[in-house]
1. Report the label-to-label distance for Val17 and Arg84 in nanometres (one decimal), using points 7 Å from each Cα along the Cα→Cβ vector.
2. Could you tell me which residue out of Phe204, Ala230, Leu123 lies farthest along the dipole of the chain toward its positive end? Charges go on the beta carbon: Lys and Arg +1, Asp and Glu -1, centred on the Cα centre.
3. Work out from phi, with θ = phi - 60° and the Karplus expression 6.51 cos²θ - 1.76 cosθ + 1.60, the ³J(HN,Hα) of each residue of the range 35-44, listed in order in whole Hz, and give x for Gly and Pro.
4. Any chance you could run the full-extension gain for Asp165 through Ala299? It's 0.36 nm times the residue separation minus the Cα-Cα distance, nm to one decimal.
5. What lysines does Lys278 reach when the alpha-carbon gap must be under 17 Å and sequence neighbours fewer than 8 apart in one chain are set aside?
6. Explain nothing, just compute: Karplus ³J(HN,Hα) = 6.51 cos²θ - 1.76 cosθ + 1.60, θ = phi - 60°, for every residue of the range 95-108 in order, whole Hz, x for Gly and Pro.
7. Among the aspartates and glutamates, which have Cα under 18 Å from the Cα of Lys295 when same-chain residues fewer than 8 positions away are ignored?
8. Assuming 0.36 nm per residue, please report the length gained on full extension of the stretch Lys155 to Glu234 beyond their Cα-Cα distance.
Amino acid sequence: MGGRYAFSGNGQGALNVADIDVFNGDADGICALTQLRLAEPRTTRLVTGIKRDIELLTRVEAGVGDRVTVLDISLDSNRAGVERLLGSGAEIFYVDHHYAGEIPQHARLTTLINEAPEVCTSLLVNGWLKNRYREWAVVGAFGDNLAQSARALAKPLDLDAARLDQLEQLGTCLNYNGYGESLADLHFPPDELFQLVSRHASPFGFMAEDREHFQRLATGYTEDMARTAALRPEAASSATAALFMLPDEAWARRVSGVFSNDLVHQHPQRAHAVLTAKANGTYLISVRAPLDRRKGADALCRQFPTGGGRAAAAGINALPADQLDKFTSTFLAHVWG
């Protein structure tokens, strides 16, 4: 799969005292944990939140014998939490594809980290489980805007076009549900959505047997995306970059990430920034590198407060209004690839 790959630890922990699952509230986090818990059912405490709520280990207390599984959040952003939990005697299994920085080496830390732009956490878990729940990994990859990786993984499933499109639709809808300024913006809290989908060994089972919940996601996605049809760039640099501004409304906060992904597929040679105004006067920003040069989004966003992400897709959680002009000029002048 390319890129940096790190593995440490022996995967063997102490006697089970408590199990805690910590995961990003988007499609990739949910599908990664779904695979793991289908393979190894556990009664766990779930720690998650909106997609941009990534410093989740600040909410975790664990001690000797406790097992903490962490999925799809940057180790670099949670370094203090990892060190604190290891110091208190917990065992950690950490799987992710975002910028990690230096990876700690510890007997009670097992890491599965690959920052390559064509990789996501669901794909890493799929490899760990040797394709046991491949369909869910395909959904997670589609949701993380990795259509090429998803289709390559799906080939042995021998699905017709309609069935593959269903998996793509589900991944997109699960990802769409994770965006918002707070849980109130979401159709489902991510922990509740995980509990709904993880009852099914196959995503087709979820879509057929939990149709009411799936339809709620699909309808919300369709209605919110329809509002973006009339949007035009606020700023553009020839054909290489375009910046869009969304209003401070719930539908806009929900659609900011999937709208960014949609723009990249419509204009694969163009970089995109989608800004959503927030009630506190700051801006939530989603940045996508050009689809044919999936590099540089994280480096751009890390130049600003609360910025981070991965090479192909990154963001800024709360850009101060007085830095909007600086961000715009930096984005339009950025060299991609």
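The values are calculated or read from the model by the stated rules, or taken from the named source; none is laboratory data. It should be emphasised that the depicted structure is a prediction, and the values quoted were computed from it without experimental measurement. Every residue, glycine as well, gets a Cβ built from its backbone with ideal geometry; the counts of neighbours run over all protein chains shown. For accessibility, only protein heavy atoms count, side chains too; no ligands or nucleic acids. Shrake-Rupley method; radii C 1.70, N 1.55, O 1.52, S 1.80 Å.
1. 1.7
2. Leu123
3. Computed from phi, the couplings for the range 35-44 are 4, 5, 7, 5, 6, 9, x, 9, 8, 10 Hz.
4. 45.0 nm
5. Cα-Cα hits under 17 Å: Lys51.
6. Those phi angles translate into 10, 6, 10, 8, 4, 10, x, 6, 8, x, 10, 7, 4, 9 Hz.
7. Excluding near neighbours in sequence, the set is Asp96, Glu115, Glu118, Asp144, Asp262.
8. Gain on extension, Lys155 to Glu234, equals 24.4 nm.
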